[in-house]
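The values are calculated or read from the model by the stated rules, or taken from the named source; none is laboratory data. Predicted model only: the values in this text are computed from it and were never measured. As a convention, Cβ positions derive from the backbone with ideal geometry for all residues, glycine included, and neighbour counts pool all protein chains shown. The area values use the complete protein model at the heavy-atom level, side chains included, leaving out ligands, DNA and RNA. Shrake-Rupley method; radii C 1.70, N 1.55, O 1.52, S 1.80 Å.
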Amino acid sequence: MEKSIYLRMRHRVLVQPNATVRIGQIVQISAEEKVSQEIKNIVIHQVSKKDKNIVVIDVMKVIDQIRRQFPQIDVQTVGPAQTIVEIAIKKRRFTPALFVAVWFLLFVGAALTMMNFHEDVSMREVHIRIYTMITGDEDLKPLLFQIPYSIGLGLGMILFFNHFFRKRLNEEPSPLEVEMFNYQQDLDNYLIITENKESMKHIDDN
């Protein structure tokens, strides 16, 4: 009697350089325990220097490897059709001097951006007018409004990005994290499509 197994490709996995990638690392398997363990130990890819830092493994390659060893098994797939294998490359650590330089540039850039924005919308004149409307007196430096406004601006940025240094304020993702997630999704889709085109070109050349 033909047995059936169900596979679901993982979206992205991280491996070390020169690692031997097995099916169990990139696929979730629903099958009998004995069969599942044997399939998980099947080698699907050997990482080498020519792989650089990204390898895309297609579900068809996984099915082909399984059927070579278990021709009597019916393979059913659900979910994504590819897994992105990211090869961990040791990155250079930031030196304190470089960290301070980058932080300083970002700080100055953000400060100039906010100053230019407030100048464009005449925020100082608005504060003066509001202060005059409420108190009846004209003050060219209405600190009563400017100081709370500056504090509120900083608190608003903390709430917007949902982080205070490394501490997360709540479980909801910040708009920046959502944009980074969307960018990563688009990048992964690009890698998958590009890899498929290169694979088809290689097949045509052969």
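Could you give me the residue pairs with C-beta distances under 7 Å whose first residue belongs to region 147-161 and is within 17 Å of Ala111 (Cβ to Cβ), whose second residue is open to solvent by 70 Å² or more (accessible area, probe 1.4 Å) and aliphatic (A, V, I, L, M) wherever it lies, and which are 6+ apart or on separate chains?
From region 147-161, the pairs are Phe161/Leu176.
Could you list, in sequence order, all residues of region 69-80 that are open to solvent by 40 Å² or more (accessible area, probe 1.4 Å), farther than 16 Å from Arg10 by Cβ and either part of a strand (DSSP E or B) or modelled with pLDDT of 90 or more (or both)?
Selection gives Gln76 alone.
Of the numbered conditions (1) open to solvent by less than 90 Å² (accessible area, probe 1.4 Å); (2) within 21 Å of Asp188 (Cβ to Cβ); (3) aliphatic (A, V, I, L, M), Ile89 satisfies every one except a single condition; which is it?
(1)
Tell me the residue from Arg10, Arg22 that is at pLDDT 90 or above, under 20 Å from Ile192 (Cα atoms) and either surrounded by fewer than 11 Cβ atoms within 10 Å (Cβ to Cβ) or in contact with a Pro (Cβ under 9 Å, 6 or more places away or on another chain) (or both), please.
Values: Arg22 fails: either surrounded by fewer than 11 Cβ atoms within 10 Å (Cβ to Cβ) or in contact with a Pro (Cβ under 9 Å, 6 or more places away or on another chain) (or both).
The unique qualifying residue is Arg10.
Quick check: anything in region 117-127 surrounded by 11 or more Cβ atoms within 10 Å (Cβ to Cβ), modelled with pLDDT of 80 or more and charged (D, E, K, R)?
Yes, the conditions are met somewhere in region 117-127.
Scan Thr83, Thr113 and give me the residue that is in contact (Cβ under 8 Å) with a residue 24 or more places away in the chain, outside any loop (DSSP other than H, G, I, E, B) and either open to solvent by less than 100 Å² (accessible area, probe 1.4 Å) or small (Gly, Ala, Ser) (or both).
Values: Thr113 fails: in contact (Cβ under 8 Å) with a residue 24 or more places away in the chain.
None of the others qualify; the one that does is Thr83.
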